[in-house]
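Step one of this worksheet: look at the structure below.
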Amino acid sequence: MKTNFLQEKSYSFAVDIVKTTQEIQKNQKHFVLTNQLLKSGTSIGALLRECKFAESTADFIHKQSIALKEANESKYWISIMYEIGYISVEDYERLDLNVTELIKLLVSSINTLKLKLKK
């Protein structure tokens, strides 16, 4: 159930990232930074989708760990976009809150799975 929630949350985040980067590209015409955010922000959900067909628990953990790294990278790009004025305070707060929640959920899931593996 937690994985489905993670998948749903990461999917919604990816859609929000796509819309946000499209808006930035339309207004500022800046593609290098927005493409970085687009890649990392949409990779989270794609990796969690891959978990459905993980070959083992270790593979499942590995895919979630990569998704965690992508979420952390997204948080970085979101902060930069805010600092340089490409996204508003409202957009920053929404995106940062959602990616922070994804990070917390992923950390919790990974830690729980690692504990189960040790037993």
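Numerical summary
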item	result
Whichever residue in region 55-73 is without any contact (Cβ under 8 Å) to a residue 60 or more places away in the chain and among the polar types (S, T, N, Q) and, among such residues, is farthest from LYS116 (Cα to Cα)	ASN72
The listed residue being surrounded by fewer than 17 Cβ atoms within 10 Å (Cβ to Cβ) and in a helix (DSSP H, G or I), out of GLU73, GLU90, GLU55	GLU90
Region 1-36: number of residues that are closer than 18 Å to LEU106 by Cβ and surrounded by 20 or more Cβ atoms within 10 Å (Cβ to Cβ)	4
Which listed residue is modelled with pLDDT of 95 or more, assigned to a helix (DSSP H, G or I), buried (at least 18 other Cβ atoms within 10 Å of the Cβ) and not hydrophobic (A, V, I, L, M, F, W, C), from SER79, SER40, SER65	SER40
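So that you can scan it fast, the table gives a plain yes or no per residue for (1) hydroxyl-bearing (Ser, Thr, Tyr); (2) farther than 22 Å from GLU93 by Cα; (3) over 10 Å from the mean Cα position of the chain (by Cα):
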{"position": "ILE17", "(1), (2), (3)": "no, no, no"}
{"position": "GLU23", "(1), (2), (3)": "no, no, yes"}
{"position": "GLY45", "(1), (2), (3)": "no, no, no"}
{"position": "ASP59", "(1), (2), (3)": "no, yes, yes"}
{"position": "LYS69", "(1), (2), (3)": "no, no, no"}
{"position": "GLU73", "(1), (2), (3)": "no, no, no"}
{"position": "TRP77", "(1), (2), (3)": "no, no, yes"}
{"position": "ILE80", "(1), (2), (3)": "no, no, yes"}
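The values are calculated or read from the model by the stated rules, or taken from the named source; none is laboratory data. What you see is a predicted model, and the numbers here were worked out from it, not measured in a lab. All Cβ positions, even for glycine, are placed from backbone atoms using ideal geometry, and neighbour counts span all protein chains on display.
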